[in-house]
Amino acid sequence: MDHFLYRDGALYAEDVPISEIAAAVGTPFYVYSTATLLRHFQLFDDALSGTDHLVCYAMKAASNQAILKTLAQAGAGMDVVSGGEYLRAKAAGVPGDKIVFSGVGKTADEIRTALTGGIRQFNVESEPEMEVINAIALELGVVAPITVRVNPDVDAKTHAKIATGKSENKFGIPIARASEVYARAASLPGLDVIGIDVHIGSQLTELEPFEMAYTKVAELTEQLRAEGHNIRRLDLGGGLGIPYTRANDAPPLPVEYGALIKKTLGHLGCEIEIEPGRLIAGNAGLMVSKVIYVKSGEGRDFLILDGAMNDLIRPAMYEAHHDIVAVKEPVPGVEQQPYDIVGPVCESGDTFAKERNMPPLESGDLVAFRSAGAYGAVMSSEYNTRPLIPEVLVHGDQFAVIRERPSFDEIINRDTIPTWL
Ligand SMILES: *Cc1c(COP(=O)(O)O)cnc(C)c1O
């Protein structure tokens with residue numbers, strides 16, 4: 001459920017007409033709904049009620065300061081995957097003891113930044129990384145809390161580019177080697193080995209892979225405890241999918257996911273952490289774009305938009321589907337027609353949808369890409385010297401620009417000319 005609904009013939013974000021935002025900030029832009037962000041966070045928090053837990057928002061999904069602050073004020077922790085994200089979380093007011101640091105290639109500088117500023121735990125992904133964290137902790141005179149990310153070798157049944165829990169993926173250490181790796185970790189005086197971490201992929205639309213992974217984590221917890229490790233925290237990663245097509249997807253609900261966690265792991269008495277990103281931000285954001293031209297082609301019409309693959313890369317990168325709707329509500333019963341919906345970038349990959357049925361549209365009309373809040377703005381680029389598009393946050397009947405569109409001068413002046421030119 002989200003808060004982007006038609007009202008009086010026009011699409012609204014909460015109580016603000018999309019067309020009003022478009023008039024104020026120009027197109028294309030991203031718009032997020034505060035109520036939707038909070039609702040999704042709350043669903044996870046409620047799903048784990050009765051269990052000692054922390055929901056750490058995977059901020060790589062959408063990392064604007066205003067979004068982080070909205071969620072942090074509701075009690076969310078953050079899952080970060082770079083030193084930059086760590087600093088963003090701190091800047092948004094998240095205390096170090098609510099920040100977990102994931103990622104397969106943390107550098108010494110990033111580790112030092114986190115250990116200096118305070119960290120809830122590092123989710124360690126390799127033995128060399130473990131040695132570096134230990135060395136830096138000793139140098140700083142602190143003890144680094146860690147979990148080890150284990151790779152449970154389960155098939156997440158998702159797109160290959162976002163599956164992470166198979167043995168062929170680069171993530172974590174094979175579960176079969178856990179004993180050895182935990183023994184080594186326990187011998188390092190700069191580390192406090194507190195738990196186990198697992199994250200098997202993104203956009204999972206079934207519970208079964210989670211169940212397989214968490215069952216293995218439960219067995220591993222018992223085994224490591226028997227080997228003398230004080231396993232007290234389980235970080236279960238993110239990955240619960242969202243419905244990208246309104247019509248027919250029905251991924252499991254957070255409450256069902258929470259029940260599965262309790263069923264598979266509840267008996268262990270561990271503190272539970274989860275790291276949802278997509279499900280919190282995905283359906284809380286739209287990308288709004290304007291039709292520049294309607295072009296009649298050979299047997300098809302093209303809707304050429306002012307938004308492009310550099311603004312929303314998911315269709316080009318993952319063959320992802322986004323529902324695209326007209327901002328002016330279609331008259332009931334109006335005959336739809338198929339369009340190829342494309343951006344202006346000089347690549348055939350700059351195609352958002354083929355033969356998509358839409359109400360008749362003309363130049364100047366606004367369209368909204370649904371489910372664009374996660375992995376949208378954060379993956380955008382300035383390819384073709386197209387400025388990063390603004391981000392807007394709506395709260396009830398208010399809205400604010402939370403990232404401005406840069407001017408062309410700002411973009412051009414970021415480059416510097418060597419003295420020999
Ligand atoms: C990407 C990622 C997440 C979030 O995944 P979603 O599918 O957005 O919920 C959580 N944890 C880790 C380690 C990740 O890499």
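The values are calculated or read from the model by the stated rules, or taken from the named source; none is laboratory data. Since the model is a prediction, treat every value here as computed from it, not as a measurement. For neighbour counting, all protein chains shown are included, and Cβ atoms are generated from backbone atoms with ideal geometry for every residue, glycine included. When the accessible area is computed, the model is the full protein with side chains, heavy atoms only, and any ligands, DNA or RNA have been set aside. Shrake-Rupley method; radii C 1.70, N 1.55, O 1.52, S 1.80 Å.
Would you work out which of ALA374, ILE21, GLN223 lies farthest towards the positive end of the dipole of the chain? Charges go on Cβ: Lys and Arg +1, Asp and Glu -1.
GLN223
Once you have the Cα-Cα distance between ASN413 and HIS159, take 0.36 nm times their residue separation minus that, and quote the gain in nm to one decimal.
Answer, rounded to one decimal: 87.6 nm.
With a 1.4 Å probe and all protein chains left in place, how much accessible area per residue does the chain have, in Å²?
That works out to 42 Å² for each residue.
Length gain on complete extension for the stretch ARG405 to TRP420, per 0.36 nm per residue less the alpha carbon to alpha carbon distance?
2.2 nm
Of MET358, MET379, which has the most accessible area and how do the rest follow, probe 1.4 Å?
MET379, MET358
Please turn the phi angles of the stretch 413-420 into ³J(HN,Hα) values with the Karplus equation 6.51 cos²θ - 1.76 cosθ + 1.60 (θ = phi - 60°), one per residue in order, whole Hz, x for glycine and proline.
6, 5, 7, 10, 9, x, 4, 7
For a Förster distance of 25 Å, can you work out the FRET efficiency between the beta-carbons of GLU362 and HIS321, rounded to the nearest 0.05?
Using R0 = 25 Å, I get an efficiency of 0.55.
³J(HN,Hα) across the stretch 117-134 via Karplus (A = 6.51, B = -1.76, C = 1.60, θ = phi - 60°), whole Hz, x for Gly/Pro?
Here the 3J(HN,Hα) series is x, x, 8, 6, 5, 9, 8, 7, 10, 7, 5, x, 5, 4, 5, 5, 4, 4 Hz.
Under 16 Å between alpha carbons, and skipping anything fewer than 8 positions from LYS90 in its own chain: which lysines qualify?
In chain and number order, the partners are LYS60, LYS69, LYS98.
What's the local net charge at ALA137, with K and R +1, D and E -1, over the other residues with C-beta under 12 Å away?
-2
Just how large is the dipole of the chain about the Cα centre, in debye to the nearest 20, putting +1 at every Lys and Arg Cβ and -1 at every Asp and Glu Cβ?
Value, rounded to 20: 360 debye.
Under 5 Å between amide H atoms, partner at least 5 residues away or on a different chain: which partners does MET358 have, H built in plane at 1.01 Å?
Counting only residues 5 or more places away or on other chains, the set is GLN337, TYR339.
Can you show me the helix-derived [θ] at 222 nm for the chain, built from DSSP H runs with n ≥ 4 at -39,500 (n - 2.57) apiece and divided by the number of residues, rounded to the nearest 500. Before the final figure, lay out each step's value.
Values: 12 runs with 119 residues, N = 421.
Dividing the helical sum by the residues of the chain leaves -8500 deg cm²/dmol.
When you have a sec, figure out the Kirkwood radius of the stretch 91-223 from all distinct Cα pair distances and drop it here in Å to one decimal?
Taking the inverse mean of 1/r over all distinct Cα pairs, the stretch 91-223 comes out at 15.4 Å.
Mind grabbing the accessible area of ASP409 for me, 1.4 Å probe, Å², rounded to tens?
Counting only protein heavy atoms, ASP409 exposes about 100 Å² to solvent.
If you rank TYR182, TYR12, TYR383 by how much accessible surface each has, with a 1.4 Å probe, what is the order from largest down?
Most to least solvent-accessible, the answer reads TYR383, TYR12, TYR182.
Points 7 angstrom from Cα along the Cβ direction at LEU253 and LEU138: gap in nanometres?
Reported label-point gap for LEU253 and LEU138 is 5.2 nm.
So how much accessible area does ARG88 have, in Å² to the nearest 10, using a 1.4 Å probe?
Taking all protein chains as shown, ARG88 has close to 100 Å².
Less than 13 Å apart at the alpha-carbon level, and either on another chain or at least 8 residues along: which aspartates and glutamates does that give for LYS106?
Partners found: GLU85, GLU125, GLU127, GLU129, GLU131.
Using a 1.4 angstrom probe on the protein heavy atoms only, could you order HIS199, HIS322, HIS267 from most to least accessible area?
HIS267, HIS199, HIS322
What's the local net charge at GLU208, with K and R +1, D and E -1, over the other residues with C-beta under 14 Å away?
-1
Specify the inter-centroid distance of the stretch 12-49 and the stretch 167-212, based on alpha-carbon positions, in whole Å.
Distance between centres, Cα-based: 34 Å.
I'd like the Karplus ³J(HN,Hα) series for the stretch 208-225: coefficients 6.51, -1.76, 1.60, θ = phi - 60°, whole numbers in Hz, and an x wherever there's a Gly or Pro.
Ordered by residue, 3J(HN,Hα) equals 4, x, 4, 4, 5, 5, 6, 5, 5, 5, 4, 4, 5, 4, 4, 5, 5, 4 Hz.
What percent of all Cα-Cα pairs in the chain falls in each 20 Å bin, counting up from 0?
26, 52, 21, 1
Around VAL181, with a cut-off of 14 angstrom between Cβ atoms, what is the net charge of the other residues, counting Lys and Arg +1 and Asp and Glu -1? Could the numbers behind the result be given before it?
On the way: positive: ARG149, ARG177, ARG184; negative: GLU125, GLU127, GLU129, GLU131, GLU180, ASP197, GLU227.
Neighbourhood net charge equals -4.
With all protein chains present, calculate the accessible area of VAL331 using a 1.4 Å probe and round the result to the nearest 10 Å².
Estimated to the nearest 10 Å², VAL331 gives 100 Å².
In terms of modelled amide H atoms, which long-range or inter-chain residues lie less than 5 Å from the amide H of MET78?
For MET78, the qualifying residues are TYR57, ILE99, VAL100.
Could you list which residues have their amide H under 5 Å from that of VAL327, counting only those 5 or more apart in sequence or on another chain, with H placed in the peptide plane?
For VAL327, the qualifying residues are LEU366, VAL367, ALA368.
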